[in-house]
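Asks: Here it is: the structure, laid out below.
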Amino acid sequence: MRPRTIAIDGPAGAGKSTIGALVAERLGYLFLDTGAMYRAVALAALDRGVDPDAAPALEKLAQEIRITIGPPTVRDGRAYTVLLDGKDVTWEIRDARIDRVVSQVARVPGVREAMLEQQRGLAARGRVVMVGRDIGTVVLPDAERKIFLTASAAERARRREEELAARGEQRPRQELLHEILRRDQLDSERPVAPLRAADDAIVVETDGQSVGQALDRVLSVIARSSQR
Ligand code: DC
């Protein structure tokens, strides 16, 4: 029996989006990268001059904007297309200026509530792979498969450096490592829905593994008939 919902959580740069998209493609499931939703809220805040520390204004903004995530509309290497009020922001939400404020935005309980509603709505249809920080713990505590994908901070910084280089951006690895550690700290120490593995999640470590190897391990966890 194929699971209805698959939750993949883990820290920044663990490969969740890459692996999640491949798992969804392999199984013919919908793929939802919830990080993209928080990034879209952060972008809307920057565009409209909303202070990333002003919780009530952010909450209102999160309720007003329309975020749509769907299959790729352009063949430029994207795994999905993100629309913010109808505008394609798929690449813009990956900018360094978003990286810098997104954890602050994602800390706001009202922002999380607005996203949670949409995330659960999509999962209710079933056959979904949902990727984030709190999917197995908060968003879909009854997900039939839960995976916590992780790698050392050094490995994640190395991958980030490669990913940026592929897009023509050169950044010192030390600086990237510092940013990753800061985001890990903000994401794990926030009071609402912090980053942590669900008690019933299977932890998959990907240090030193290729995408293909990590994908095989995740698929084998999913194939186990009963995780819980
Ligand atoms: O996975 P990512 O780097 O695109 O996530 C962007 C930010 O959003 C990250 O700082 C953590 C936050 N996030 C979250 O709080 N909950 C989720 N389910 C997904 C992402």
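Asks: How much net charge surrounds residue 26 when only the other residues with a Cβ under 12 Å from the Cβ of residue 26 are counted, with Lys and Arg +1 and Asp and Glu -1?
Replies: -1
Asks: Now a separate question. Which of rounded, prolate or oblate describes region 120-203 when judged by the alpha-carbon gyration tensor and an a/c cut-off of 1.5?
Replies: prolate
Asks: Restricted to Cα positions, what overall size does region 80-228 have along the principal axes? Three whole-Å values, descending.
Replies: Dimensions of region 80-228 along the principal axes of its Cα atoms: 44, 38, 30 Å.
Asks: Long-range amide H contacts for residue 31: which residues qualify at under 5 Å (H placed 1.01 Å from N, peptide plane, sequence gap of 5 or more or a different chain)?
Replies: 129
Asks: What are the ³J(HN,Hα) values, in whole Hz, obtained from phi via the Karplus relation 6.51 cos²θ - 1.76 cosθ + 1.60 with θ = phi - 60°, for each residue of region 135-144 in sequence order, with x given for Gly and Pro?
Replies: Couplings: 5, x, 8, 10, 5, 10, x, 9, 3, 6 Hz.
Asks: Can you give the % of DSSP beta bridges in the chain that are antiparallel, to the nearest 5?
Replies: About 25 percent, rounded to the nearest 5.
Asks: Cα-based Rg of region 79-127 per 2.2 N^0.38 Å, rounded to two decimals? Numbers along the way, then the final one.
Replies: Working: Rg = 12.9 Å, N = 49, 2.2 N^0.38 = 9.7 Å.
Output field value: 1.34.
Asks: Next up: Measuring from the lowest to the highest alpha carbon on each principal axis, how far does region 61-151 reach, largest first, in angstroms?
Replies: Here the Cα extents, ordered largest to smallest, are 33, 32, 31 Å.
Asks: Over the chain, what percent of the accessible surface lies on carbon and sulfur atoms, probe 1.4 Å?
Replies: 51
Asks: Local charge sum around residue 184 (other residues, Cβ-Cβ under 12 Å, Lys/Arg +1, Asp/Glu -1)? Don't skip to the answer; put the middle values down first.
Replies: Working: positive: 133, 156, 182, 183, 190, 196; negative: 179, 187, 189.
So the surrounding residues net to +3.
Asks: Quick one: which residues, 5+ away or cross-chain, put their amide H under 5 Å from the amide H of residue 202? H built at 1.01 Å from N.
Replies: 146, 147, 148
Asks: Note the direction-averaged projected area, equal to a quarter of the hull surface, for the Cα convex hull of region 13-109, in nm².
Replies: That works out to 6.5 nm², a quarter of the Cα hull's surface.
Asks: Count the net charge of all other residues whose Cβ sits under 13 Å from the Cβ of residue 122, scoring Lys and Arg as +1 and Asp and Glu as -1.
Replies: So the environment of residue 122 carries a net charge of +2.
Asks: Which whole-Hz ³J(HN,Hα) couplings does region 72-83 yield from phi under the Karplus relation 6.51 cos²θ - 1.76 cosθ + 1.60, θ = phi - 60°, glycine and proline marked x?
Replies: Karplus-based 3J(HN,Hα) across region 72-83 equals x, 9, 10, 8, 10, x, 6, 8, 7, 10, 10, 10 Hz.
Asks: So with the 1.4 Å probe, I'd like the accessible area per residue for the chain, rounded to whole Å². Before the final figure, lay out the partial values.
Replies: Numbers: 11040 Å² over 228 residues.
Accessible area per residue: 48 Å².
Asks: Quick check on the chain: helices-only [θ] at 222 nm, where DSSP H runs of length 4 and up contribute -39,500 (n - 2.57) each and the sum goes over total residues. Nearest 500, please.
Replies: -15000 deg cm²/dmol
Asks: Accessible surface of residue 120 in the full protein assembly, 1.4 angstrom probe, to the nearest 10 Å²?
Replies: 110
Asks: Let me ask you something else. In whole Hz, what ³J(HN,Hα) sequence does region 4-10 give by Karplus (6.51, -1.76, 1.60; θ = phi - 60°), x for Gly and Pro?
Replies: So the Karplus estimates, Gly and Pro as x, are 6, 10, 10, 9, 10, 10, x Hz.
Asks: Which sequence of 50, 105 reflects their accessible areas, 1.4 Å probe, from the largest down?
Replies: 50, 105
The values are calculated or read from the model by the stated rules, or taken from the named source; none is laboratory data. Since this is a predicted model, take the numbers as computed values, not measurements. So basically every Cβ, Gly included, is an ideal-geometry build from the backbone, and we count neighbours across all protein chains shown. Ligands, DNA and RNA are stripped out before the accessible areas are found, and what is left, the full protein with its side chains, is counted by its heavy atoms. Shrake-Rupley method; radii C 1.70, N 1.55, O 1.52, S 1.80 Å.
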